[in-house]
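Worksheet: the structure to be examined is printed underneath.
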Ligand SMILES: [Zn+2]
């Protein structure tokens, strides 16, 4: 199965935030069970430097439950921090983590959870290359790596480019990578424009 998370090509911490997404039927969780957790990890593994599809095949049900719990905990912490950074007041987007300090603690714990390090490999006659190693499971180390990326995102000026999407009913975040970008996606832009058009039309006929 494929993940139902709207992967928008954002940095991975933002993609993780967006595993909470909404449509006409309400708010959904793309990490709601172990199959969805595996599907999301499968969809993003090529963007990590240590997780492969083969690593995911080797995970047991209880591995996936544990990973799911850690991803959801990290995700809710990141959404709390994103709400702080963007002054987001969207009620449907509110994180289960209310306290800023609790969110920071959860993020830092996730970053340090599974140690990772780089090694150089250099065979004579070939180009040297970097590989990431971990003492734990690759999937677990990938969660820690996403947390570490989030530490970098929130501690740098990148934080100032983070936006809550104010498309109708949208609960997603995005990084404003273009001065004219207003929405998480073209779909949200279209919905916002038709909502405005509808409002104007109603205004003139009422
Ligand atoms: Zn949106």
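Observations
- Selection within region 93-108 - part of a loop (DSSP other than H, G, I, E, B) and surrounded by 18 or more Cβ atoms within 10 Å (Cβ to Cβ): 95, 97
- Enumeration of residues in region 48-58 that are under 22 Å from residue 109 (Cβ atoms) and touching a helix residue (DSSP H, G or I) at 6+ places or on another chain (Cβ under 6 Å): 48, 50, 51
- Just so you know, in region 161-172 the residues that are near the ligand (Cβ under 9 Å from one of its atoms) and free of Cβ contacts under 8 Å to residues at least 40 places away in the same chain include one that is surrounded by the most Cβ atoms within 10 Å (Cβ to Cβ), and it is 165.
- Some residue of region 24-34 being buried (at least 19 other Cβ atoms within 10 Å of the Cβ) and closer than 21 Å to residue 80 by Cβ: yes
- Residue in region 150-160 that is more than 13 Å from the ligand (Cβ to nearest atom) and part of a loop (DSSP other than H, G, I, E, B) present: yes
- Residue in region 109-131 that is away from the ligand (no atom under 16 Å from the Cβ), part of a strand (DSSP E or B) and touching a helix residue (DSSP H, G or I) at 6+ places or on another chain (Cβ under 8 Å) present: yes
- For residue 90: the one exception among (1) within 16 Å of residue 172 (Cβ to Cβ); (2) buried (at least 17 other Cβ atoms within 10 Å of the Cβ): (2)
- Among the residues making up region 93-127, those that are more than 21 Å from residue 174 (Cβ to Cβ), in contact with a strand residue (DSSP E or B) (Cβ under 8 Å, 6 or more places away or on another chain) and touching a residue at least 12 places away in the same chain (Cβ under 8 Å) are 114, 115, 116, 117, 118, 119.
- Members of region 1-23 found to be crowded, with 21+ Cβ neighbours inside 10 Å and under 21 Å from residue 103 (Cα atoms), listed by number: 13, 14, 15, 16, 17, 18, 19, 20
- Residue within region 132-147 that is without any contact (Cβ under 8 Å) to a residue 24 or more places away in the chain, under 19 Å from the mean Cα position of the chain (by Cα), farther than 30 Å from residue 186 by Cβ and loosely packed, with under 15 Cβ neighbours inside 10 Å present: no
- Test: residue in region 173-182 that is at pLDDT 95 or above, in contact with a strand residue (DSSP E or B) (Cβ under 8 Å, 6 or more places away or on another chain), near the ligand (Cβ under 9 Å from one of its atoms) and assigned to a loop (DSSP other than H, G, I, E, B): no
- Of all the residues in region 60-92, those that are assigned to a helix (DSSP H, G or I) and modelled with pLDDT under 95 number 2.
- Subset of region 183-206 [near the ligand (Cβ under 8 Å from one of its atoms) and in a loop (DSSP other than H, G, I, E, B)]: 183, 184, 185
The values are calculated or read from the model by the stated rules, or taken from the named source; none is laboratory data. Remember, it's a predicted structure, so these values are computed and weren't measured experimentally. Here Cβ is always computed from backbone atoms with ideal geometry, including for glycine, and neighbour counts include all displayed protein chains.
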